[in-house]
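Shown next, in structure tokens, is the structure this report addresses.
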Amino acid sequence: MKQKKHDLIPFSFYDLCGIARHLEKRAAQGWMIEKLSNFGWRYRAIPPQKLRFAATYYPPASDFEPEPSEGELTFQDFCLHSGWKFVGSNGPLQVFCTDQPDPLPIHTEPGEELRMIRKMSRKALPFWIIMLLITLAGTYGGLATAVFDPIHFWTSPSPLYSLVCYGALLVYFGADLFTYLRWMHRAKQAALQGEFLFARGCHRILLAALFLAVAGLALYLLALLDQPLVLLIFFVLIGYLAVLCLAVNGVKKFLKKQKVPARLNLALTLGADLLLAFGMMAGLTWGIFRLADSDLLTWGQPQSPLSLSRLAGVEEDPGRTNSYGEHSLFASREEYRLSPSLEETVQGAPWLDYTLFRTWVPGLDSAFSGQLYREAPEDHPSWEVSYQPVDPEEWGALEAYQLFEGDEPWGEYLLRWKGTVAQLHYYGDLSPQQKALIGQTLAGT
Amino acid sequence: MPRAKFKTLTEQMFYILLCLSEEKCGMDIMEEIPARTGGRVQVGPGTLYNLLEQFVGAGLIRQTRAEGRRRSYILTQAGQAALKEEYDRLCRQAEDYRRFAPKEDAP
């Protein structure tokens, strides 16, 4: 039979009632809280009991203190004198329990309890504001990408996942701050009448946000299954963050065991955090640059559906041909450069650059071609260029455009078939047969 | 305009200061107050601890001795004055009630 259990319910710091009710439920299920930490709560098995719990704060306490201060121990003595046994703490958060059916509450003056919670909110407020700003910026960035750069948003797995995460966390931090301010206002009114008003925090919203983030992560990883190198880099980054957290926590614990004063512990832990973060990031960056120089990055690159040999009877030079691809669950983007040897290029042999966008989502192909159409002048700032419509039937396409500088045609084309968009740059003149071949090949992929 | 701290005392503040008219250990106040009020007023341990700290900070009480973590306190002159002022305020309220209460409720 299991003797230990863990959970991590992200209660809002002002939801002391919620914390107490949760621990009472656990005790009734046969689990007694044993240890509280930032990484979760640990329980030990007990016979199911009806216990009363109380959560409160002793604001001067800190997670960096080597041991409880005299003041903290005196506070716990006071509570024990009333029948409240100390069971655990995490920084300033103190948890007590009693088996008395109708115990005297730890706080009997609502104004004093509010004063204590407001003290804690001053510590939480900078974090709240920073997280609100970060998540607001991230959400705005994600939405702006979705609106103004739908190609990047839908063809890369990162932007959509980022938007889901940032958006969910923005909702959580916004809701938590709003809930706290509204509750504090009402609680102050109730305190004037000598009444307590218990808070209900937003931990369910945070759990929902975390669930969305995990679901988004699962979809993100699914989209990377055929890009093992990118997956590897992702897991290396996760591992890096985990190691950093454990290392910093380890430094703090070590310094506590050495009875280092709290302020010195905080300063040294922060210093270790910065050093480790920079050091590990430098190592990661070096590793990624080494990878970029190696052949490993060619692993898993897409194969071009078009070839110069089929199109123009010219052999491609593998050293001057490359490809790049990325995709999400909704769309993909592949870039190809097909070049003959340098000698043949100098002799006027054609080469081909093209980007292929594919999607199964209705309407996205139109959004992609619309963005490429609008961006033509931005991609060629030195010339007055624009896409002009040409006969799509030559390509077997729904839409076809050619880039013109004034009346002068360029060898750049924008083509759309159902679920596929292609932007081609062909050095040479394309015959109707070549256009039909391109259309058959790309539309059928 | 916000009320100055301890300008008006709550019931629990009043009885804590009243108990400390004589030197007393902080924890013993938790039994003393219900005993003096017939159980009508009770002070929780967290509230008592916080108020004692605040009273010391405001100069209304002072620590007299410490035996380990058991600390004893007594009212200072400022504390006596604050207690007297609160008593006078309550008396004025009681007098106003006697003068203006509906006749059937008048003692």
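The values are calculated or read from the model by the stated rules, or taken from the named source; none is laboratory data. Predicted, not measured: the structure shown is a model, and the values here were computed from it. Backbone-built Cβ (ideal geometry, glycine too); neighbour counts: all protein chains shown. Only protein heavy atoms, including side chains, enter the accessible area calculation; ligands, DNA and RNA are left aside. Shrake-Rupley method; radii C 1.70, N 1.55, O 1.52, S 1.80 Å.
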Next on the checklist: Just to confirm my filter: which strands (runs of 3 or more DSSP E) fall fully inside the range A:359-445 and include at least 3 residues that are within 35 Å of the chain's Cα centre (by Cα) and in contact (Cβ under 8 Å) with a residue 24 or more places away in the chain?
Outcome noted: A:408-417, A:420-426
Checklist entry - Any residue at all in the range A:25-34 that is open to solvent by 20 Å² or more (accessible area, probe 1.4 Å), over 30 Å from residue B:29 (Cα atoms) and in a loop (DSSP other than H, G, I, E, B)? => result yes
Next on the checklist: Of everything in the range A:88-124, what is open to solvent by 20 Å² or more (accessible area, probe 1.4 Å), among the polar types (S, T, N, Q) and either facing chain B (nearest Cβ under 8 Å) or under 32 Å from the mean Cα position of the chain (by Cα) (or both)? Give them in sequence order.
Outcome noted: A:89, A:90, A:108
Next on the checklist: Restricting to the range B:5-25, name every residue that is within 14 Å of another protein chain (Cβ to nearest Cβ) and open to solvent by 60 Å² or more (accessible area, probe 1.4 Å).
Outcome noted: B:5, B:7, B:11
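Scanning for something of a type outside the set (S, T, N, Q), part of a helix (DSSP H, G or I) and modelled with pLDDT of 95 or more, does the range A:42-60 turn up at least one residue? Explain how you work it out, then say what you get.
In the first step, residues of the range A:42-60 are kept if they are of a type outside the set (S, T, N, Q); the result is A:42-48, A:50-55, A:57-60.
Those still in the list that are part of a helix (DSSP H, G or I) too: none.
No; the residues of the range A:42-60 include none that is of a type outside the set (S, T, N, Q), part of a helix (DSSP H, G or I) and modelled with pLDDT of 95 or more.
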Checklist entry - Does the range A:136-149 contain any residue that is under 23 Å from residue A:12 (Cβ atoms), small (Gly, Ala, Ser), more than 14 Å from chain B (Cβ to nearest Cβ) and over 19 Å from the mean Cα position of the chain (by Cα)? => result no
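Collect the residues in the range A:61-70 that are in a loop (DSSP other than H, G, I, E, B) and open to solvent by 90 Å² or more (accessible area, probe 1.4 Å), keeping them in residue-number order. Show your work before the answer.
Taking the range A:61-70 first, the residues in a loop (DSSP other than H, G, I, E, B) are A:61-69.
The answer is A:67, and nothing else.
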Item to check | Every residue from the range A:217-248 that is in a helix (DSSP H, G or I) and touching a residue at least 40 places away in the same chain (Cβ under 8 Å) | outcome: A:217, A:219, A:220, A:222, A:223, A:228, A:229, A:233, A:236, A:237, A:240
Checklist outcome for this item: Output for Cβ contacts, cut-off 8 Å, separation at least six or different chains, first residue without any contact (Cβ under 8 Å) to a residue 12 or more places away in the chain in the range B:77-103, second surrounded by 10 or more Cβ atoms within 10 Å (Cβ to Cβ), reads B:98/B:106
Checklist entry - Which one of these does residue A:422 not meet: (1) surrounded by 15 or more Cβ atoms within 10 Å (Cβ to Cβ); (2) touching a strand residue (DSSP E or B) at 6+ places or on another chain (Cβ under 7 Å); (3) more than 20 Å from residue A:154 (Cα to Cα)? => result (3)
Next on the checklist: Go through the range A:318-348 and report how many residues are within 23 Å of residue A:431 (Cα to Cα), out of contact with any strand residue (DSSP E or B) (no Cβ under 9 Å at 6 or more places or on another chain) and either touching a residue at least 40 places away in the same chain (Cβ under 8 Å) or not aliphatic (A, V, I, L, M) (or both).
Outcome noted: 6
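Which of the residues belonging to the range A:73-83 are on the phi < 0 side of the Ramachandran plot, in contact with a Pro (Cβ under 7 Å, 6 or more places away or on another chain) and open to solvent by less than 40 Å² (accessible area, probe 1.4 Å)?
A:78, A:79, A:82
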Checklist outcome for this item: Here the residues within the range B:7-28 that are at pLDDT below 95 and among the β-branched types (Val, Ile, Thr) are B:8, B:10
Checklist entry - In the range B:18-48, which residues are under 15 Å from residue A:83 (Cα atoms), out of contact with any Ser or Thr (no Cβ under 7 Å at 6 or more places or on another chain) and not aliphatic (A, V, I, L, M)? => result B:28, B:31
Next on the checklist: Any residue in the range A:63-87 that is more than 7 Å from chain B (Cβ to nearest Cβ) and closer than 19 Å to residue B:29 by Cα sitting within a Cβ distance under 6 Å of a residue that is of a type in the set (S, T, N, Q) and open to solvent by 40 Å² or more (accessible area, probe 1.4 Å)? List the pairs, counting only those 6 or more apart or interchain.
Outcome noted: A:83/A:100
